[in-house]
Amino acid sequence: MQAQREHLGALYRDHRSWLHGWLSGRVGCRETAADLTQDTFARLLQDRDLAALREPRAFLTTVARGLAANWFRRQALERAYLEYLAQFPEAVLPSLEEQALVREALQQIDAMLDGLPTMARRVFVLAQFDGLRYDAISDRLGLSLSTVKRHMKRALLGCLLHAP
């Protein structure tokens, strides 16, 4: 365990500045890049043999790229929600607290959906957010009805397994 910490410390010292710069160029914000850099190294705390890394920058880039993709997806979700709210007169808008709760719930749903296979995620979104029935999803995606049901079952189970 001590050796693992030493390897992580060495990786951090040797590559933190480089990774922060790389992420800054990707996300366009130094503060967000700093958060993503820290998150990248935090991921390395999981059971990984850091001593076996032959290409640490390639590995760090792979982990950071995934975290950045998640950040971009959350930002797009946030923008979509704000655009949705912009359609309504101020008098009927939810309170700031309610808006924050909705944003948090959307992020939790996004995190649950993130682990799903692409087609299961698409089926779930079409059913739950677009309100399509299984037969309409089948027609839209060119899948059999039983395949749509199988993907929906996989999505629901995935959401249950990853629920907070």
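The values are calculated or read from the model by the stated rules, or taken from the named source; none is laboratory data. Quantities reported herein were computed from a predicted structural model and do not represent experimental measurements. Here the Cβ positions follow ideal geometry from the backbone for every residue, glycine too, while neighbour counts run over all protein chains shown. Keep in mind that these areas ignore ligands, DNA and RNA; they rest on the heavy atoms of the full protein, side chains included. Shrake-Rupley method; radii C 1.70, N 1.55, O 1.52, S 1.80 Å.
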_Being of a type in the set (A, V, I, L, M, F, W, C) and farther than 27 Å from Gly158 by Cα narrows it down to one residue among Ala10, Ala64; which is it?_
Ala10
*Please work out if Leu82 is free of Cβ contacts under 8 Å to residues at least 12 places away in the same chain and either over 13 Å from the mean Cα position of the chain (by Cα) or open to solvent by 60 Å² or more (accessible area, probe 1.4 Å) (or both).*
yes
*For the range 40-58, name all the residues that are under 19 Å from the mean Cα position of the chain (by Cα) and buried (at least 17 other Cβ atoms within 10 Å of the Cβ).*
Thr40, Phe41, Leu44
*Name the pairs whose Cβ atoms lie under 8 Å apart, with the first residue in the range 61-76 and closer than 19 Å to Ile109 by Cβ, the second at pLDDT 90 or above and surrounded by 15 or more Cβ atoms within 10 Å (Cβ to Cβ), and 6 or more positions between them or separate chains?*
Leu67/Leu36; Leu67/Asp39; Leu67/Thr40; Trp71/Val27; Trp71/Thr32; Trp71/Leu36; Phe72/Val27
*asked:* Within the range 85-105, take every residue that is more than 20 Å from Arg74 (Cα to Cα) and assigned to a helix (DSSP H, G or I) and give me the one that is most open to solvent (accessible area, probe 1.4 Å).
replied: Glu90
*Out of curiosity, is Leu132 in contact (Cβ under 8 Å) with a residue 40 or more places away in the chain and in contact with a helix residue (DSSP H, G or I) (Cβ under 8 Å, 6 or more places away or on another chain)?*
no
*For the subset of the range 106-136 comprising residues that are more than 13 Å from the chain's Cα centre (by Cα) and among the small types (Gly, Ala, Ser), which member is surrounded by the most Cβ atoms within 10 Å (Cβ to Cβ)?*
Ala120
*Any idea how many residues of the range 122-146 are in a loop (DSSP other than H, G, I, E, B) and polar (S, T, N, Q)?*
1
_Residue in the range 140-148 that is touching a Ser or Thr at 6+ places or on another chain (Cβ under 9 Å), farther than 30 Å from Leu11 by Cβ and surrounded by 17 or more Cβ atoms within 10 Å (Cβ to Cβ) present_ = yes
*asked:* Would you confirm whether or not the range 67-74 contains a residue that is in contact with an Asp or Glu (Cβ under 6 Å, 6 or more places away or on another chain) and open to solvent by less than 60 Å² (accessible area, probe 1.4 Å)?
replied: yes
